[in-house]
Structures are given as structure tokens and as C-alpha cells.
Amino acid sequence: MPKYWMVNNRSQGGVGPDVSTDGMTYWVSDKQPLTDIKNWRKVTAANFQKLLVAASDKFPKYDQAENEKQSHVTILIHGYNQTFAKAAAFYEKLCGQLFDGPDSLGLCILYDWPSRGSILGYEPDRSHARLCARDLTDVLSALFDWLTKKQQQTINNPAKACKAKVSLISHSMGNYVVQKAMAAAWTRKNQPLLVSLINQLLMVAADVDSDLFDEGAPDNDDGSAVANLTYRITALYTGRDTVLGASAGLKHFGMRRLGRSGLPHHPPLAEPSLPTDNVWDVDCSSFFKSDVGDIHGAYFLTDGTLNLMRHILRGLDRGVLETLGYTKGTAWP
């Protein structure tokens with residue numbers, strides 16, 4: 001089975017700066033470095049799905065009481081201003097940290113979108129991100145259909161239960177891509193109830209509005225969709241992130257970023273009488289040394305935050321994480 005997986009909507013054969021006019025492409029690889037597109041093998045969408053199902057079927061099987069041991073199929077959505085080479089290097093490194101060796105969480109798929117980077121031209125960048133989100137919507141919709149079919153098969157035959165949990169890790173503006181894609185998928189599937197498409201969503205240094213999940217917020221319809229499609233959402237943030245500090249002042253007319261300030265309410269108030277208690281945050285400031293330059297990307301370079309990501313993806317309860325010291329600076333629901 002392939003070790004590395006990629007869904008790509010870049011132009012120029014998968015490495016360009018624009019959205020491909022030919023639609024998404026699918027790639028697998030067993031050869032490093034992943035920064036060289038020649039080390040990837042292009043496959044059809046049907047073959048990609050077939051290989052992915054076969055790989056997840058090889059995961060160990062656990063009963064419901066051992067769900068924290070269950071393997072993941074994780075989609076990684078990179079952030080702002082990443083070339084193909086940068087995105088591939090980021091993905092390769094994270095695979096080595098969380099998805100390799102005896103403690104592997106399962107397998108990881110890179111969703112590589114052609115992000116751009118112009119601080120003064122932020123609205124065009126967000127428009128571009130919304131465009132890229134359309135392809136991710138197709139991926140999530142197909143995943144929804146497959147999981148729905150799998151659930152029906154499990155009802156008829158418990159032996160066919162899925163061995164994998166599906167999770168998302170999104171960084172920076174990749175969270176905005178996820179926000180828009182999940183909102184569109186929620187609408188496309190007629191707002192299904194009691195469906196956890198995503199088991200764990202890790203919003204790392206999220207470049208989205210901090211009140212995304214609060215009633216009355218401009219993007220709360222999106223936030224409601226994300227919360228309804230996800231079992232648990234965790235935002236990792238720090239007030240030391242100067243990149244997101246500039247984002248709030250320069251691009252959003254004072255609106256704070258989720259990855260900069262965390263949630264304004266604990267829990268978010270999707271409805272006054274119905275708190276959204278599957279959304280929470282962790283202040284990661286204390287994990288970063290005082291001399292760290294790139295706080296915005298330091299989450300993926302620091303043992304403390306990487307261990308936290310592993311615990312969250314495993315599904316450890318909030319109370320357990322509190323005892324492990326992962327509550328510094330955070331008011332919990």
C-alpha cells in the first residue's frame with residue numbers, strides 16, 4: 001500500500017500557483033523527497049479510493065471500548081502562501097512525526113491547494129481560498145456518501161464496521177478553506193442530523209473569525225455546519241502569533257482571529273439555550289520558548305504541541321488532558 005497520499009487542485013501538473021481547470025488530481029507515493037512531483041504517481045479518483053479503502057481495511061480492529069486506539073485517516077490542509085514544494089515538505093515532516101513507526105496514528109492525506117500570499121491583498125486571497133474550497137467540498141461530499149453507505153452495511157453486518165476514524169488537521173488560512181468546504185457540504189447533503197463526518201477537527205493557528213461558532217456572528221452559519229459535521233473541534237491558539245495579529249488589524253477591521261485569541265465564549269453560544277459543547281480551545285503559548293521566531297508555524301515544530309495533537313486525535317477526554325497539563329491559559333466548558 002502507498003505510504004503517502006495527496007489530493008491536488010493545482011495547475012501545471014500539480015505544482016502550479018493557480019487552480020487547475022481540469023479538476024482535482026490524485027497522487028500516491030512511496031519515494032522521498034515528496035517535494036519532487038516526479039516522486040509521486042498520479043492515479044484515477046476511483047483507484048485512489050480503492051487503494052485508500054484497502055489501506056484502511058488493514059488497520060487493527062478494536063471494539064467500541066477501545067476507540068482511542070482506533071487508527072485515523074487524516075486529511076491535512078496547509079495554510080497561507082505555500083508552494084507545492086513547501087506544502088509537500090510540511091506534509092512529509094508531519095507524516096514522520098505522527099503517522100510513521102509503531103506509534104503511527106494511521107495514514108495522512110495532503111489536500112494541496114494553491115494558496116497565495118499578499119498581506120495587503122487579503123480579500124483576493126480569501127476569494128481564492130473560497131474557490132479552492134469547492135474541490136474540498138467534493139472530497140468531503142464523497143466521503144460523506146461512503147461513510148453513510150458504510151454505516152448502513154454495518155447495521156446489516158457488524159463485521160463490516162469501519163476500522164478508521166476520519167479527522168482533519170488544518171493550519172492558518174487552510175481553516176478558512178475547511179470552513180467554506182464543510183458549510184457547502186452540509187448544505188449539499190441537506191443538513192443531515194446526527195452525522196459526525198469528521199471525528200476530530202484540529203484548527204491550528206486558525207485564520208478565521210474568533211466568533212465563528214457564536215450565534216449572530218457573520219459566519220455562524222458556516223460555524224454551525226462545521227460543528228454539526230464534527231464530533232469534536234479543538235482550536236490551538238496563542239496571543240503571541242504576530243501573523244494573526246496583523247491579520248485581525250489589517251485585514252478584518254479589528255475582528256480577532258481564532259488562532260490568536262481563542263474562543264470569545266466557553267462554550268460557544270450557537271443558540272442561547274443550546275451551547276456548542278463540542279468546540280473548545282487550548283492556549284499553547286507556554287509551549288513555545290521565548291526566542292521562537294515563527295510562532296505561527298511553531299505548533300508543528302514543538303514536542304509539546306505535537307504530543308497534544310496526538311492526544312486530541314486519539315480522542316482523549318478533556319478531563320484527562322487537564323490532568324496532563326494541557327489547559328494553561330484556557331477557560332474550559
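If the condition is being of a type in the set (Lys, Arg), within 21 Å of His78 (Cβ to Cβ) and not in a strand (DSSP E or B), then the stretch 34-54 contributes only Lys38.
When Lys31, Lys86, Lys61 are checked against the criterion of being in a helix (DSSP H, G or I) and basic (Lys, Arg), Lys86 stands alone in meeting it. Filtering the stretch 182-198 for residues that are within 21 Å of His311 (Cα to Cα), among the polar types (S, T, N, Q) and at pLDDT below 90 leaves a non-empty set. Contact map, the stretch 63-88: residues that are over 18 Å from Cys108 (Cβ atoms) paired with residues that are surrounded by 20 or more Cβ atoms within 10 Å (Cβ to Cβ) and at pLDDT 90 or above, Cβ distance under 6 Å, separation 6+ or inter-chain. Pairs shown: Tyr80/Ser172; Tyr80/Met173. Residues in the stretch 9-46 that are buried (at least 17 other Cβ atoms within 10 Å of the Cβ), within 13 Å of Trp113 (Cα to Cα) and of a type in the set (Gly, Ala, Ser): Gly14, Ser20.
The single condition among (1) touching a residue at least 40 places away in the same chain (Cβ under 8 Å); (2) more than 18 Å from the chain's Cα centre (by Cα); (3) in a helix (DSSP H, G or I) that Val320 does not satisfy is (1). If you filter the stretch 218-276 down to residues that are polar (S, T, N, Q), part of a loop (DSSP other than H, G, I, E, B) and modelled with pLDDT under 90, you find that the one that is farthest from Ala181 (Cα to Cα) is Ser273.
Restricting attention to the stretch 1-28, the residues that are within 23 Å of the chain's Cα centre (by Cα), part of a loop (DSSP other than H, G, I, E, B) and among the polar types (S, T, N, Q) total 3. Of the residues making up the stretch 204-217, just one is touching a Leu at 6+ places or on another chain (Cβ under 6 Å), assigned to a loop (DSSP other than H, G, I, E, B) and at pLDDT 95 or above, namely Ala206. Taking the stretch 173-203 as the range and being under 25 Å from Asp317 (Cα atoms) and in a loop (DSSP other than H, G, I, E, B) as the test, the residues that pass are Leu193, Leu194, Val195, Ser196, Leu197.
The values are calculated or read from the model by the stated rules, or taken from the named source; none is laboratory data. A quick note: this is a predicted structure, and the numbers were derived from the prediction, not measured. So basically every Cβ, Gly included, is an ideal-geometry build from the backbone, and we count neighbours across all protein chains shown.
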